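Structure first, then comments.
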Amino acid sequence: MSHDVVGQGHGVPGRFGGLPDAFSSLVESKIVLVPVPFDQTTTYQQGADLGPAALIEASRNLELYDIETDSQVYLKGIATLPPVLSTNSTVMRESLYRIVKEQIASAKFVVTLGGEHAISYAPILAHAEAYPGMSVLQIDAHADLQPAYEGNPWSHASVMARVREITSLSSVVAVAIRSMSLEETSSLKGQTTIFAHEMDSEDSWMDQAIAQLHGPVYITFDLDAFDSSLLSSTGTPEPGGLHWNQTMRFLKRVATEKKIIGFDVVELCPIPGHVAADYLAAKLIYKLLSYIYL
């Protein structure tokens, strides 16, 4: 792969970072992004199906040099696959599982872009089969531990209940939780959960979370984990959440101290004319990749 520096400008539409062919070839790229514009079970604001396209469009305006890490992770190659299109939950899960499994088998680092949080089960299962004993780090405002929501066990509100049924996982650690039903509290046994109100004054919660991550780590990042004053473009915005620098400190530590083997970013619900959240989501992905490949 050529190491010529990518010039300024918006670049190629539909590709993360607007990357040209030399840095977005599926064959040569080490990183693969899988957009999943799926939004069938959202219970408040809909529009998460528009999230992947909005995020990718915003990413075309990123500076591809990261100041903090003094790196240009795009040089590893970032391929953007065609969107996984389905209006059927079962078909979506099966198609996405197969695609992610194929990319892992090809030694690619897979980033899945939602879409609602229900999409996360398929890439988590594919990674769990490839990396037995891995942990899942859930960064989220909501516990998502409903056995079934409105009769649907595959709802976005039930995704982590389904994930916890994957027997090969060594642990599930949830961070920034600040909204859940009373019924879900009984499901917290055996899971490390760090509530948002426990994270205000200092960073010791990071030590607690990282200590409970065993083996390789998969991250599922629901954008509603961010405080609603920072990111309101999500299905259920919640006050009292994470802020940018705090989140970057945590992700950098996880990437430094653990082996991250994949991640997803979900629940971007774009607001027309309000591009800040779209750009934040794109920047989050690029920063996390920069930490992983540092």
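The values are calculated or read from the model by the stated rules, or taken from the named source; none is laboratory data. Being a predicted model, the structure only gives us computed values, none of them experimental. Positions of Cβ are generated from backbone atoms using ideal geometry, with glycine treated the same way; all protein chains shown enter the neighbour counts. Ligands, DNA and RNA are stripped out before the accessible areas are found, and what is left, the full protein with its side chains, is counted by its heavy atoms. Shrake-Rupley method; radii C 1.70, N 1.55, O 1.52, S 1.80 Å.
For LYS30, which lysines qualify as cross-link partners when the Cα separation must be under 18 Å and same-chain residues fewer than eight apart are set aside?
Result set, ordered by chain and number: LYS76, LYS101, LYS108, LYS259, LYS287.
About the Cα centre of segment 167-221, what is the dipole size in debye to 20, counting +1 per Lys and Arg Cβ and -1 per Asp and Glu Cβ, all else neutral?
240 debye
Any chance you could run the full-extension gain for THR90 through LEU26? It's 0.36 nm times the residue separation minus the Cα-Cα distance, nm to one decimal.
20.4 nm
Ratio of alpha-carbon Rg to the 2.2 N^0.38 Å globular estimate for the chain, to two decimals, please.
Its radius of gyration relative to the 2.2 N^0.38 Å reference: 0.92.
Subtract the Cα-Cα distance of ASN152 and THR185 from 0.36 nm times their separation in residues, and report this length gain in nm to one decimal. Please report the intermediate quantities before stating the final value.
Working: separation 33, 0.36 × 33 = 11.88 nm, distance 1.92 nm.
Fully extending the segment from ASN152 to THR185 adds 10.0 nm.
In debye, nearest 20: dipole of the chain around its Cα centre with unit charges on the Cβ of K, R (+) and D, E (-)?
760 debye
Please name which of PRO239, SER229, PHE250 has its Cα lying farthest along the dipole of segment 219-259 towards the positive end, using unit charges on Cβ (Lys, Arg +1; Asp, Glu -1) and the Cα centre as origin.
Positive-most Cα among the choices belongs to PHE250.
In the chain, what percent of the accessible surface is made up of carbon and sulfur (1.4 Å probe, ligands and nucleic acids excluded)?
The C+S portion of the solvent-accessible surface of the chain is 53 percent.
Report VAL36's accessible area, 1.4 Å probe, all protein chains in place, as a number in Å² to the nearest 10.
Using a 1.4 Å probe on the heavy atoms, I get roughly 0 Å².
For the chain, set up a GNM with springs between Cα atoms under 10 Å and report which of GLU238, GLU267, GLU28 has the largest fluctuation.
Its mean-square fluctuation being the largest, the pick is GLU28.
Compute a Gaussian network model of the chain, connecting alpha carbons closer than 10 Å, and tell me which residue from VAL275, VAL34, VAL110 fluctuates the most.
Its mean-square fluctuation being the largest, the pick is VAL275.
Could you let me know the centre-to-centre spacing of segment 103-122 and segment 195-226, using Cα atoms, in angstrom?
The distance from the Cα centre of segment 103-122 to that of segment 195-226 comes to 21 Å.
Pairing the Cα long axis of helix 121-130 with the longest principal axis of the chain, what angle in degrees results, from 0 to 90 and rounded to the nearest 10?
80 degrees
Between ASN61 and TYR293, with labels modelled 7 Å along Cα→Cβ, what's the label distance in nm to one decimal, could you check?
Between ASN61 and TYR293, the label points sit 2.3 nm apart.
Test of understanding: what is the full-extension gain from TYR279 to HIS243, defined as 0.36 nm times their sequence separation minus their Cα-Cα distance?
Between TYR279 and HIS243, full extension yields an extra 11.5 nm.
What trypsin sites (Lys or Arg not before Pro) in segment 209-282 are in a loop by DSSP, with at most 14 other Cβ atoms within 10 Å of the Cβ?
For trypsin sites (Lys or Arg not before Pro) across segment 209-282 that sit outside H, G, I, E and B with at most 14 neighbouring Cβ atoms in 10 Å, the list reads LYS259.
With axes computed from alpha carbons, what is the tilt in degrees of helix 276-292 against the longest principal axis of the chain, rounded to the nearest 10 within 0 to 90?
With rounding to tens, the tilt is 80 degrees.
Would you mind checking which residues have amide H under 5 Å from THR112's amide H? H placed 1.01 Å from N; only 5 or more apart, or other chain.
Under 5 Å from the amide H of THR112 lie the amide H atoms of VAL34, PHE263, ASP264, VAL265, each far enough along the sequence or on another chain.
What residue among ASP264, ASP144, ASP207 shows peak mean-square fluctuation when the chain is described by a Gaussian network model with Cα springs under 10 Å?
ASP207
Using a 1.4 Å probe, what is the accessible area per residue for the chain, in Å²?
Using a 1.4 Å probe on heavy atoms only, each residue of the chain averages 41 Å².
For segment 102-159, what does the relative contact order come out to in percent, with C-alpha contacts under 8 Å and a separation of six or more?
Computed value for segment 102-159: 33 percent relative contact order.
Residue by residue through segment 84-100, which ³J(HN,Hα) values in whole Hz follow from phi under the Karplus form 6.51 cos²θ - 1.76 cosθ + 1.60 (θ = phi - 60°), with glycine and proline marked x?
Ordered by residue, 3J(HN,Hα) equals 8, 9, 6, 9, 10, 4, 5, 4, 4, 4, 5, 5, 5, 4, 5, 5, 5 Hz.
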